[in-house]
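The values are calculated or read from the model by the stated rules, or taken from the named source; none is laboratory data. Here the structure is a predicted model, which means the values were calculated and not measured. Note that each Cβ is placed from the backbone with ideal geometry, even for glycine, and that neighbours are counted across all protein chains shown. Ligands, DNA and RNA are stripped out before the accessible areas are found, and what is left, the full protein with its side chains, is counted by its heavy atoms. Shrake-Rupley method; radii C 1.70, N 1.55, O 1.52, S 1.80 Å.
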Amino acid sequence: MGRRQYLLCFFLLCLITSDRGLVRGVVGLACNWGTQSTHPLQANIVVKLLKENGFNKVKLFEADPAALKALGKSGIQVMVGIPNEFLAPLAGSVQAAVNWVQQNVSSYVSRYGTDIRYVAVGNEPFLQTYNDSFLNTTFPALQNIQAALIKAGLGRQVKITVPLNADVYQTESGLPSGGDFRSDIRDLMISIIKFLGDNNAPLTINIYPFLSLYADPHFPVDFAFFNGSSAPVVDGSISYTNVFEANFDTLISALEKNGFSSMPVIVGEVGWPTDGDISANKDYARRFNQALVDRINQGQGTPKRKTPPDIYLFSLTDEDAKSVRPGNFERHWGIFYYDGAIKYQLDMGNGKPLAPAKGVKYLARQWCVMSPDASISDPNLTNSVDYACSYADCTSLGYGSSCGTLDAKSNASYAFNVYYQTVDQRKDACSFSNLSTITKN
C-alpha cells in the first residue's frame, strides 16, 4: 500500500482533530483535565500541578464545580465543556441554555474570578459511530448557548466552539489539498462554521496520530511522529513528514474550499497513551509529546497555517474509570498517573522538567495478593479475577499492555490488588474464595 493510501485510510478512520490559531501566536501550554477517575485528585492540587508545569490554558469536559472553583483567580484560561447528553434539552429551550450559562459560567466568573474563555458545546457530536444521534441538536444548542452568553453580558468575553472529530472532513485524493467536509453533513458544517465566524469564535478539532498505528498495523510508524524519518507525502509544492500536519492541513483545505480561509482553529485534543496497546507505551508517548511541546514552545505552525494554533495536550492525568469501548488505552492518556506522579520526563521549555503533584494523600501501604498457598488450578480463580476486573481497571493486563506477560499468579495478584485499592482497602475487599491475602511487604 502506498503512502497516499495510508494517509487516506487515516482520514477515513476518523483520526483527526484540530483547534484554534490563525490570528495570534501561542503563549504557554494547554491541556485537557479529565475527571473520570475512581480517586480523582483534589481540584486545588490539580491547579497547582497545572501551574507548576507551565499550563496556562485548560479544557474541562464538563462544568465540574470543584475544578471551576479551584481555577478561580489562578491565571489559567478555561474552556468548559457541555456533554453530548445535554444537547437535546439545550437545543429545545433558550431558557435551559440561559440557566446553564448562569449556573456554569456566570456564577464562576463573578463569584470566583474563573477566567472562562470558551464554552465547548458537545464533544465530537458528529462522530459516525454515534449514528446521527446529535445531528439535529448540536447547532440549535450552540445557537442557544450563544444567545445565553449574550444575555448574560459575556458575549465578548466567552466564545462558543464545538469540538469535532476529524471524520467531519475527508480527502478523496488522499492528500491534504483534497480536503472537504463529509458530504452528508457538509451543509450543516458550513452553517456551524459561518455561525462561529459571525461570532468571532473558533472551530475545534481533535487530532490523534496514535490511532493510525492502532487502526492499521501497516501504517508507517515514523509518520505518526514529528521527528520521524519516513518518506514525505508530497502534495504539490508541500512535503508532509508527519500525519499531524497532514491532517490539520486537510481541515484547512476544507475550510478554504468552502470560503472560510481565515477561520481560527483550535486543536482540542492531541497526545499519546502509555498503556493498553502495543503502540501505547512510555517511549512512544515521550517521543511524541516532547516533540509536540517543543513545537508549541517554538511557535511552529503547519505548511498551510504558519501561525500555530492553540493545542490542548491530551491529557493531564490518567482516568481509570473511562469507558474502554474505543480500546484499553483510553485510561492511559495522561502525562501523569492518576495520582499526579510522573510517568516519564519531559522538557516543558528552557530545560524545565515535569513536576509531580504535591500534597496527595495515599491509602495505607498494604496490598491484596494471591495467597502463596493458593493454586492456579483452583476452580474459583477465573471467576475471582473476572469479578475484580469488572469493578477495577485491569487494562494493563491486556495483550500488548505493560503487564500483559505476567504469569498466572502475578496476574491474579494484580487483579485482586487493583480491586482492593479501588474500593479503598475495604475490610472485606481481599476475600476472593480463600485465594487472597493482605501483605505489607
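Structural remarks
- The number of residues in the stretch 367-397 that are closer than 19 Å to GLY327 by Cβ and either among the basic types (Lys, Arg) or not in a helix (DSSP H, G or I) (or both) comes to 3.
- The listed residue being closer than 30 Å to LYS51 by Cβ and of a type in the set (S, T, N, Q), out of THR422, THR405, THR382: THR422
- Test for THR307: is it touching a residue at least 60 places away in the same chain (Cβ under 8 Å), touching a Lys or Arg at 6+ places or on another chain (Cβ under 9 Å) and surrounded by fewer than 20 Cβ atoms within 10 Å (Cβ to Cβ): yes
- Scan the stretch 279-299 for residues that are closer than 29 Å to HIS218 by Cβ, part of a helix (DSSP H, G or I) and open to solvent by 30 Å² or more (accessible area, probe 1.4 Å) and the total you get is 7.
- Conditions (1) assigned to a loop (DSSP other than H, G, I, E, B); (2) of a type outside the set (D, E, K, R); (3) at pLDDT below 95; (4) open to solvent by less than 50 Å² (accessible area, probe 1.4 Å): number failed by PRO217: (4)
- Tally of residues being under 23 Å from LEU135 (Cα atoms) and either part of a strand (DSSP E or B) or touching a strand residue (DSSP E or B) at 6+ places or on another chain (Cβ under 9 Å) (or both) across the stretch 43-85: 8
- You will find that of SER191, SER183, SER177, SER173, the residue that is surrounded by fewer than 20 Cβ atoms within 10 Å (Cβ to Cβ) and without any contact (Cβ under 8 Å) to a residue 12 or more places away in the chain is SER183 and no other.
- Checked against (1) exposed (fewer than 14 other Cβ atoms within 10 Å of the Cβ); (2) closer than 15 Å to CYS31 by Cα, PRO353 passes all but condition (2).
- For ALA43, the requirement of being surrounded by fewer than 21 Cβ atoms within 10 Å (Cβ to Cβ), at pLDDT 95 or above, touching a helix residue (DSSP H, G or I) at 6+ places or on another chain (Cβ under 6 Å) and small (Gly, Ala, Ser) is met.
- Within the stretch 194-204, if we keep just the residues that are open to solvent by less than 10 Å² (accessible area, probe 1.4 Å) and not in a helix (DSSP H, G or I), the residue that is nearest to LYS159 (Cα to Cα) turns out to be ALA201.
- Residue within the stretch 255-263 that is among the aromatic types (Phe, Trp, Tyr) and surrounded by fewer than 22 Cβ atoms within 10 Å (Cβ to Cβ) present: yes
- Subset tally (residues that are over 17 Å from the mean Cα position of the chain (by Cα) and either of a type in the set (D, E, K, R) or open to solvent by 50 Å² or more (accessible area, probe 1.4 Å) (or both)) for the stretch 316-342: 2
- Top-ranked residue in the stretch 100-152 [being in a loop (DSSP other than H, G, I, E, B) and free of Cβ contacts under 8 Å to residues at least 12 places away in the same chain; ranked as most open to solvent (accessible area, probe 1.4 Å)]: ASN131
- Checking the stretch 158-169 against the condition returns no match, with no residue being modelled with pLDDT of 95 or more, in a loop (DSSP other than H, G, I, E, B), closer than 30 Å to TYR240 by Cβ and polar (S, T, N, Q).
- If the condition is being assigned to a helix (DSSP H, G or I) and farther than 15 Å from THR439 by Cβ, then the stretch 398-414 contributes ALA408, ASN411.
- Filter result (under 17 Å from SER177 (Cβ atoms) and either open to solvent by 50 Å² or more (accessible area, probe 1.4 Å) or without any contact (Cβ under 8 Å) to a residue 40 or more places away in the chain (or both)) within the stretch 220-243: PRO232, VAL234, GLY236, SER237, SER239, THR241, ASN242
- Every residue from the stretch 383-405 that is among the hydroxyl-bearing types (Ser, Thr, Tyr), closer than 19 Å to GLU319 by Cα and in contact (Cβ under 8 Å) with a residue 40 or more places away in the chain: THR395, SER396, SER401, SER402
- The set of residues in the stretch 300-345 being in a loop (DSSP other than H, G, I, E, B), over 19 Å from LYS59 (Cβ atoms) and not charged (D, E, K, R) consists of GLN300, GLY301, PRO303, THR307, VAL324, GLY327, TYR337, ALA341, TYR344, GLN345.
- Criterion applied to ALA412, ALA408, ALA364 was being loosely packed, with under 11 Cβ neighbours inside 10 Å, over 26 Å from the mean Cα position of the chain (by Cα) and aliphatic (A, V, I, L, M), and the one residue passing it is ALA364.
- Candidate set from the stretch 373-382 (those that are without any contact (Cβ under 8 Å) to a residue 24 or more places away in the chain and open to solvent by 70 Å² or more (accessible area, probe 1.4 Å)); member that is nearest to ASP339 (Cα to Cα): THR382
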